[in-house]
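> Structure incoming, see below.
Where a number appears in this text, it was derived from the coordinates with a stated rule and is not lab data. Please read these numbers as outputs of a predicted model, since none were measured by experiment. Cβ coordinates were reconstructed from backbone atoms using ideal geometry, including for glycine residues, and neighbour counts include every protein chain displayed.
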Amino acid sequence: MRLHGLPYATNVGTINGGLWSSSVMDSLAAKVRVGVSLNETIDQAEARFRQTIMEYIQDDPWLAEHPPRINRLASGFGSAETKPDHPLVTALSESAEEELRTSPTVAAAPYGCDMSGWVRLSTIPTVIYGLGDISLAHAPDESVSLDTTYKVARALVRITERLREINVESLRLTTNDEV
């Protein structure tokens with residue numbers, strides 16, 4: 001996660017409060033996304049978030065007496081890791097390099113996805129792979145070129161061929177690999 005300036009960000013996504021612009025609001029609701037660091041469960045991240053909020057409000061007499069209610073709205077993605085030297089990562093890196101004629105960057109990503117479920121709950125090694133500009137993902141003008149799509153497809157064909165030659169048991173994560 002060293003490539004990211006703020007890898008486990010806590011983000012206030014929405015804030016709603018009050019009924020009228022010239023009145024003191026009677027309530028405030030915020031929806032927050034809490035980053036889950038590696039080696040931390042979703043429950044631990046929630047506990048960390050709650051503890052941090054409670055530590056900050058204890059110095060305010062009114063807030064200490066009227067603490068905020070914190071409700072989890074979703075179970076979240078959690079975090080997961082497939083080690084860079086895992087055979088799946090090696091095979092994909094080699095396949096991508098052959099197709100793209102350049103070494104791919106192997107790095108962690110701070111966004112949520114289904115990978116955590118596969119790795120943490122099923123011990124199935126997983127990687128996130130793709131080309132294109134991540135800032136365009138899930139945006140109004142999300143796009144990727146046909147050439148890029150073709151290259152990714154070719155790299156996936158190559159890795160599939162490689163994986164057919166690898167002992168399946170060597171791919172499965174062990175408890176030491178799990179996050």
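> Pick from segment 54-89 the residues that are touching a residue at least 24 places away in the same chain (Cβ under 8 Å) and among the hydroxyl-bearing types (Ser, Thr, Tyr): which of them is nearest to residue 36 (Cα to Cα)?
79
> If I go through segment 82-94 residue by residue, how many of them are part of a helix (DSSP H, G or I) and either in contact with a Leu (Cβ under 8 Å, 6 or more places away or on another chain) or among the polar types (S, T, N, Q) (or both)?
Within segment 82-94, residues that are part of a helix (DSSP H, G or I) and either in contact with a Leu (Cβ under 8 Å, 6 or more places away or on another chain) or among the polar types (S, T, N, Q) (or both) number 5.
> If residue 14 satisfies all but one of (1) part of a loop (DSSP other than H, G, I, E, B); (2) surrounded by fewer than 10 Cβ atoms within 10 Å (Cβ to Cβ), what's the number of the condition it fails?
Of (1) part of a loop (DSSP other than H, G, I, E, B); (2) surrounded by fewer than 10 Cβ atoms within 10 Å (Cβ to Cβ), only one is false for residue 14: (1).
> Identify all residues within segment 22-51 that are among the polar types (S, T, N, Q) and either in contact with a Gly (Cβ under 8 Å, 6 or more places away or on another chain) or loosely packed, with under 12 Cβ neighbours inside 10 Å (or both); write none if there are none.
Within segment 22-51, 22, 23, 27, 39, 41, 51 meet the criteria.
> A further question on this structure: Could you count how many residues in segment 37-81 are assigned to a helix (DSSP H, G or I) and either in contact with an Asp or Glu (Cβ under 6 Å, 6 or more places away or on another chain) or not aromatic (Phe, Trp, Tyr) (or both)?
Residues in segment 37-81 being assigned to a helix (DSSP H, G or I) and either in contact with an Asp or Glu (Cβ under 6 Å, 6 or more places away or on another chain) or not aromatic (Phe, Trp, Tyr) (or both): 18 in total.
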